[in-house]
Amino acid sequence: MLRLDGVHFSYNTEGQGIQDVSFELKSGEFAAIIGENGAGKSTICRLCNGLLKPSSGTVTVAGFDTSNAKTSRIARDVGFLFQNPDRQLCQSTVREEIMFGMGFAGVSEAEERCSEMLELFGLDGKKEPFGLSRGERQLVALASVLAREPGLMILDEPTTGLDYMECTRIMDHITRLNENGTTVLMVSHDMEVVLDYAHRGLVLSGGRLIGDGSVHDIMRDAALLSKASLLPAQIPALAVAIGGRFIDIDRADDMASIVEAEANALAGDSRGEF
């Protein structure tokens with residue numbers, strides 16, 4: 001679905017940007033790009049949807065080289081959710097907003113799909129988008145992208161400025177999308193969101209990819225996270241702090257179960273059990 005081969009991009013003569021970044025994202029994956037501010041996370045997102053073109057190297061999306069393909073053609077396969085929905089919304093009503101992108105993409109049965117999105121997200125199509133809350137505007141922006149049914153969804157800090165309930169609502173929709181086969185590439189500074197939803201982590205520092213692996217493995221790699229000026233999510237950090245090991249988070253439903261699992265593991269070690 002997405003492949004970067006030796007990609008370089010610079011905003012200025014001093015070389016600020018990304019250097020020699022290579023990775024491949026297969027259909028159906030859910031990956032998160034993490035790293036310090038200025039590491040190049042948003043730059044990679046814009047390279048993946050054709051808004052930026054690589055200085056060297058190649059970016060291939062759905063079989064198209066972004067250096068040669070028109071951005072409008074790439075947009076048929078790639079949905080992009082901006083960090084700030086106000087930069088994405090431009091219509092007078094929620095219904096018009098959802099219909100807008102489908103019109104450019106030539107989506108058939110647009111009216112039916114728009115109605116599906118309104119029902120799915122619990123939105124009132126007659127309302128004015130900028131009269132909605134921050135979380136509701138983010139939902140409208142997400143609905144307008146999902147209505148085109150992109151094969152690759154790129155999310156640039158999708159939970160910034162949202163409260164817990166709004167964040168959960170957005171991410172649960174994205175998870176269902178991924179479970180139905182859509183590839184997801186998400187930029188996030190929130191390690192809890194990354195741990196809860198992403199399966200693969202891509203770690204950037206100084207414009208270079210310094211780590212690539214399962215989110216669980218990356219969260220327990222203190223040296224790697226330190227290089228990227230990151231702290232792990234609270235649960236793996238606690239597990240490592242109290243026992244020097246990594247708890248199976250998928251089997252730990254809450255903090256109490258994590259502590260109990262670690263206590264049992266430590267008790268087993270004290271009896272010589274491994």
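For segment 1-97, which GluC sites (Glu not before Pro) are both in a DSSP coil and crowded by at most 16 other Cβ atoms within 10 Å?
Answer by residue number: GLU14, GLU36.
Under the rule of at least 5 residues apart or a separate chain, name every residue whose amide H is placed under 5 Å from the amide H of SER55.
HIS8, PHE9, SER10
What residues qualify as long-range amide H neighbours of ARG208, i.e. H under 5 Å apart, gap of 5 or more or another chain, H built at 1.01 Å from N?
Residues meeting the criterion, in which the H sits 1.01 Å from N, are GLN19.
List the lysines whose Cα sits under 26 Å from the Cα of LYS26, skipping any in the same chain fewer than 8 residues away.
Candidates past the 8-residue exclusion: LYS41, LYS53, LYS70.
Work from the charge dipole of segment 2-154 (Cβ charges, +1 for Lys and Arg, -1 for Asp and Glu, about the Cα centre) and give the residue of GLY103, ASN68, VAL140 farthest towards its positive end.
Towards the positive end, the residue furthest out is ASN68.
If amide hydrogens are placed 1.01 Å from N in the peptide plane, which non-local residues have theirs closer than 5 Å to the one on PHE30?
Distant-sequence amide H within range of PHE30: VAL184, HIS199, ARG200.
Can you pull out the trypsin sites (Lys or Arg not before Pro) in segment 116-216 whose DSSP state is coil and whose Cβ has at most 13 other Cβ atoms within 10 Å?
Filter output for segment 116-216: LYS126.
For SER10, what accessible area in Å² do you get when you roll a 1.4 Å probe over the heavy atoms of the protein chains, rounding to the nearest 10?
40
What does the net charge come to around ASN180 if you take all other residues with beta carbon closer than 14 Å to its beta carbon, with K and R at +1 and D and E at -1?
Charge balance in the 14 Å sphere: -4.
What trypsin sites (Lys or Arg not before Pro) does segment 36-80 have in DSSP loop regions with at most 11 other beta carbons within 10 Å?
LYS70
The values are calculated or read from the model by the stated rules, or taken from the named source; none is laboratory data. None of the values given here were measured: they were computed from a predicted structure. Note that each Cβ is placed from the backbone with ideal geometry, even for glycine, and that neighbours are counted across all protein chains shown. The accessibility values were calculated without ligands, DNA or RNA, using every heavy atom of the protein model including side chains. Shrake-Rupley method; radii C 1.70, N 1.55, O 1.52, S 1.80 Å.
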